[in-house]
Amino acid sequence: MNCVGSGTDSESFESNSQQGFTLVELMIAMTIGLILLLVVGTVFTSSRQIFRIQEDNARIQESGRFALEILGRSVKQAGLAEIPFTGLKIGFTGMAITGIDGAPGVADTLTVQYDGATGDRDCQFGTAVTAANYLAGNNIIQSHFNLDAANAQLQCAGAIGAAPPAPGATPVGIVLLENIEDFQVLYGIDTTGDQSVNQYVSLPADWNQVVTTRVCVLIRSDQTNIVPIGSNYLNCNGAAVAVLADRRLRRAFTATFNLRNRVNNLP
């Protein structure tokens with residue numbers, strides 16, 4: 001009786017035991033796991049790259065707006081004459097606008113002058129115009145915009161006086177913006193006296209004919225390896241240029257500003 005019972009228990013134990021994975025099943029499971037990891041990694045890498053592009057593009061947009069705001073404000077003030085209540089001054093005595101046209105591939109410079117009121121400062125935020133300076137006519141504010149190409153920095157050198165000295169060719173001043181690769185200026189000249197632009201030139205023969213100024217800054221991203229190889233960008237001349245080896249994101253910002261103090265309501 002006992003022998004018969006023991007045989008039945010052995011068969012029940014063998015039928016309920018678990019079987020392990022075969023080698024083929026294990027290889028299939030590992031392959032599926034690797035595919036899933038590859039998909040997740042690809043999505044993560046792509047999302048991170050898109051975020052980097054959007055972040056750098058936003059910073060470039062912000063820098064472009066700031067650059068045009070600073071340059072535009074100075075150009076619009078060019079030639080402003082502060083007429084005191086006492087004295088014989090009847091108009092602006094400085095040079096409202098001048099500049100240097102850089103060689104091909106070299107940035108330009110832009111220099112504007114205007115009369116400052118008491119308390120006004122130059123672009124370097126130096127000593128303010130005093131009441132005595134204002135009354136004596138020593139209140140011409142000069143802002144000289146130039147590019148330090150070696151460090152990709154847009155700079156501004158300021159000066160205040162009766163006749164501020166002409167700036168030199170060496171880039172000087174405080175840093176306004178980083179990652180600026182080019183700075184180009186065109187001048188709209190009025191050759192007929194109707195206060196409208198007849199043509200744009202890089203170097204006017206008569207600076208008194210300038211009524212508008214068109215400025216362009218080329219801004220690059222702070223991070224490298226952003227854009228794909230083989231892409232193009234437009235430079236300040238409107239030409240398509242192949243992306244450089246650093247693969248930075250680049251964009252040119254252009255705006256035209258009137259010299260308000262040279263335009264009135266006359267035809």
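The values are calculated or read from the model by the stated rules, or taken from the named source; none is laboratory data. From a predicted model like this one, the values you see are computed outputs, not experimental measurements. A quick note on method: Cβ atoms are made from the backbone with ideal geometry, for glycine too, and the neighbour counts reach across all protein chains shown.
Figures for the structure shown
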quantity	calculated
Residue list for region 140-156, filter: within 13 Å of the chain's Cα centre (by Cα) and among the small types (Gly, Ala, Ser)	152
Considering residues of region 231-251 that are in contact with a Phe, Trp or Tyr (Cβ under 9 Å, 6 or more places away or on another chain) and farther than 10 Å from residue 218 by Cα only, the residue surrounded by the most Cβ atoms within 10 Å (Cβ to Cβ)	249
Lone qualifier among 200, 187 - being of a type in the set (Ser, Thr, Tyr), at pLDDT 95 or above and surrounded by fewer than 21 Cβ atoms within 10 Å (Cβ to Cβ)	200
Complete set of residues in region 209-245 that are over 20 Å from residue 108 (Cα atoms) and touching a residue at least 24 places away in the same chain (Cβ under 8 Å)	221, 222, 223, 224, 226, 227
Residues within region 131-152 that are modelled with pLDDT of 90 or more and farther than 20 Å from residue 97 by Cβ, tallied	5
Qualifying residue in region 70-85 (condition: touching a strand residue (DSSP E or B) at 6+ places or on another chain (Cβ under 6 Å), modelled with pLDDT under 90 and not in a strand (DSSP E or B))	yes
Any hit, region 212-224, residues being more than 20 Å from the chain's Cα centre (by Cα) and over 21 Å from residue 71 (Cα atoms)	no
Residues of region 197-208 that turn out to be free of Cβ contacts under 8 Å to residues at least 60 places away in the same chain and assigned to a loop (DSSP other than H, G, I, E, B), as a count	5
Residue among 222, 194 that alone is out of contact with any Phe, Trp or Tyr (no Cβ under 7 Å at 6 or more places or on another chain), surrounded by fewer than 12 Cβ atoms within 10 Å (Cβ to Cβ) and part of a loop (DSSP other than H, G, I, E, B)	194
Contacts under 9 angstrom Cβ, first residue in region 134-147 being in a helix (DSSP H, G or I), partner modelled with pLDDT under 95 and crowded, with 19+ Cβ neighbours inside 10 Å, 6 or more apart	134/115; 134/116
